[in-house]
Amino acid sequence: MKDVLVIAYYFPPLGMGGVQRIFKFCKYLPRFGWNPLVVTVKDVTYFSHDPTLLQEATLQIYRTESLDPLRMSHILGVRVLEPSKRTWNRVSSLFLIPDNKVLWLPFLIRIARALQRERQISVLFASSPPHTSLLAGYFLKRLSSVPLVVDLRDPLGYGLYPLTPLHSSILQVLNRKIVEAADRIITAYPLPGFDELRHRPFLIPNGFDPEDFRAPSRPGDRFLIVHTGTLTRKRNGDHFFRALKEFAQLTKVDHQTFRVRLVGWTDPEYLDMIEERGLSQMMELFPYVSHRESVQHLMNASLLWLPAGEGEIPGKVYEYLGSGKHIIATVPKGDCARLIERTHSGVVVAPDDVRGIRDAISHYYSLFQRGNLQSRDSREVEEFSRIHQTEVLAGLFEEISR
């Protein structure tokens with residue numbers, strides 16, 4: 001079995017969707033002949049944790065020290081609120097390039113070099129964000145000539161704050177160096193701007209783990225619409241709540257048998273909107289839960305609601321697909337809409353089409369009342385299995401390590 005050195009700042013026990021991709025790759029790589037050696041940071045202050053993920057696989061994880069703000073706030077016992085975090089990110093961008101996780105870099109490089117001396121590392125695999133992970137991959141590639149694979153969960157440079165033309169120029173140089181050094185670039189969704197490069201990115205989209213969906217579906221005798229994950233204002237949910245209000249008024253639906261469940265962080269403006277429109281009686285609000293619990297909420301649903309903004313493919317869509325439940329996607333035209341249509345996973349409605357949303361809810365509710373709301377055929381979405389995707393990734397590793 002060959003060793004691959006994995007560089008990932010965001011890794012369990014941290015939670016949220018950002019850790020799922022890299023963790024599931026690591027979980028299944030041994031099945032295809034690759035042993036992941038994960039280099040990540042020690043405990044940091046973060047708004048969500050999910051230690052249940054580490055119960056899924058036995059991995060070799062090397063946790064390093066760091067001087068970055070999240071690590072230091074954990075050491076000092078200081079809570080970092082989201083507004084102050086955003087302010088600090090912008091301020092620190094004046095002095096720390098490419099991002100404030102660069103203060104993790106010397107610790108990361110030291111332990112990665114030690115592993116390279118002790119083990120026969122065949123591939124370097126750097127996942128971003130943060131951008132510092134890619135910078136580490138670049139330096140390690142230059143120091144050792146080991147092939148480098150770069151994983152872009154977001155567009156290159158996404159979330160960085162080049163405050164001056166000088167900062168912007170430095171970031172552009174770093175990005176060019178990283179891309180030129182990489183033997184393969186993989187992305188979570190199609191990204192523009194790579195046409196002129198010597199190698200275009202290889203698309204490995206986000207996905208779902210079939211093992212997560214072994215739990216039985218328990219929809220019960222209520223019609224339950226479920227949304228999981230973060231619900232922000234940019235996802236245009238206000239029209240969905242207007243449609244809910246119209247549906248409830250037209251059908252005189254019983255709030256005991258028709259429920260809407262929001263699982264995860266919900267923007268306070270939506271909570272006010274729910275109250276103002278008299279929807280509170282049909283709503284069930286859950287705070288952040290573990291991934292395992294989140295999946296169970298999906299399996300208990302009658303219908304899943306997927307909102308998305310312009311040009312966005314939320315990571316949750318793949319777990320929605322894996323659940324086998326029907327989806328009402330309030331998304332603009334684009335990749336996300338085409339994904340739902342191509343997999344025959346539900347209906348796509350423009351985010352501002354209140355009547356269309358209302359009619360879609362009514363359609364699925366009628367099927368439910370007649371006992372005809374059946375699960376979808378899972379064969380349509382097998383290409384998004386984490387197992388299949390890891391097999392593809394392992395194939396890329398084999399190709400460049402020969």
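The values are calculated or read from the model by the stated rules, or taken from the named source; none is laboratory data. In this text, all values refer to a predicted model and were calculated from it rather than measured experimentally. Don't worry about glycine lacking a Cβ; one is built from the backbone with ideal geometry, like all the others, and counts go over all protein chains shown.
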Task: Exclusive hit being modelled with pLDDT of 90 or more and either of a type outside the set (Phe, Trp, Tyr) or buried (at least 16 other Cβ atoms within 10 Å of the Cβ) (or both), set 257, 266 - done: 266
TODO: Answer with yes or no whether residue 143 is at pLDDT 90 or above, surrounded by fewer than 18 Cβ atoms within 10 Å (Cβ to Cβ), among the hydrophobic types (A, V, I, L, M, F, W, C) and assigned to a helix (DSSP H, G or I).
DONE: yes
Task: Single residue of the stretch 50-64 satisfying the filter (over 14 Å from residue 4 (Cβ atoms) and crowded, with 16+ Cβ neighbours inside 10 Å) that is modelled with the highest pLDDT - done: 64
Open item on the list: If I ask for residues that are farther than 20 Å from residue 209 by Cα, surrounded by 15 or more Cβ atoms within 10 Å (Cβ to Cβ) and small (Gly, Ala, Ser), which ones from the stretch 346-402 would you list?
Closed with: 346, 350, 356, 360, 362, 401
Open item on the list: Looking at 235, 218, 222, 214, can you tell me which residue is touching a Lys or Arg at 6+ places or on another chain (Cβ under 8 Å) and either farther than 16 Å from residue 312 by Cβ or at pLDDT below 85 (or both)?
Closed with: 222
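For the condition modelled with pLDDT of 90 or more, in contact with an Asp or Glu (Cβ under 6 Å, 6 or more places away or on another chain) and within 22 Å of residue 355 (Cα to Cα), what is the one hit in 307, 332? Before the answer, list the steps.
On the way: 307 fails: in contact with an Asp or Glu (Cβ under 6 Å, 6 or more places away or on another chain).
So the residue among 307, 332 that is modelled with pLDDT of 90 or more, in contact with an Asp or Glu (Cβ under 6 Å, 6 or more places away or on another chain) and within 22 Å of residue 355 (Cα to Cα) is 332.
Listed residues 204, 178; which is more than 21 Å from residue 136 (Cα to Cα), of a type in the set (Val, Ile, Thr) and either at pLDDT 80 or above or in contact with a strand residue (DSSP E or B) (Cβ under 9 Å, 6 or more places away or on another chain) (or both)? Show your work before the answer.
Numbers: 178 fails: more than 21 Å from residue 136 (Cα to Cα).
It is 204.
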Task: All positions within the stretch 341-389 that are modelled with pLDDT of 95 or more, in a helix (DSSP H, G or I), within 23 Å of the chain's Cα centre (by Cα) and among the β-branched types (Val, Ile, Thr) - done: 387
TODO: Would you please list the contacts, defined by Cβ atoms under 7 Å and residues six or more apart or on different chains, that run from a residue in the stretch 104-121 that is more than 13 Å from residue 140 (Cβ to Cβ) and assigned by TED's automatic domain parsing to the domain that holds residue 70 to a residue that is assigned to a helix (DSSP H, G or I) and not hydrophobic (A, V, I, L, M, F, W, C)?
DONE: 104/132
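Name the residue, out of 25, 32, that is surrounded by fewer than 23 Cβ atoms within 10 Å (Cβ to Cβ), under 20 Å from residue 204 (Cα atoms) and touching a helix residue (DSSP H, G or I) at 6+ places or on another chain (Cβ under 6 Å).
Details: 25 fails: surrounded by fewer than 23 Cβ atoms within 10 Å (Cβ to Cβ).
Going through 25, 32 in turn, the sole match is 32.
For residue 323, indicate whether it is among the hydroxyl-bearing types (Ser, Thr, Tyr) and more than 27 Å from residue 190 (Cα to Cα).
no
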TODO: Check residue 241 against each of (1) without any contact (Cβ under 8 Å) to a residue 60 or more places away in the chain; (2) surrounded by fewer than 18 Cβ atoms within 10 Å (Cβ to Cβ); (3) within 15 Å of residue 357 (Cβ to Cβ) and name the one condition it does not meet.
DONE: (2)
- [ ] List the number of the failed condition for residue 292; all other conditions in (1) touching a helix residue (DSSP H, G or I) at 6+ places or on another chain (Cβ under 9 Å); (2) free of Cβ contacts under 8 Å to residues at least 12 places away in the same chain hold.
- [x] (2)
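Can you find a residue in the stretch 191-199 that is buried (at least 20 other Cβ atoms within 10 Å of the Cβ), modelled with pLDDT under 90, more than 17 Å from the chain's Cα centre (by Cα) and of a type outside the set (Val, Ile, Thr)? Give the steps one after another, and end with the answer.
Residues of the stretch 191-199 buried (at least 20 other Cβ atoms within 10 Å of the Cβ): none.
Checking the stretch 191-199: not a single residue is buried (at least 20 other Cβ atoms within 10 Å of the Cβ), modelled with pLDDT under 90, more than 17 Å from the chain's Cα centre (by Cα) and of a type outside the set (Val, Ile, Thr).
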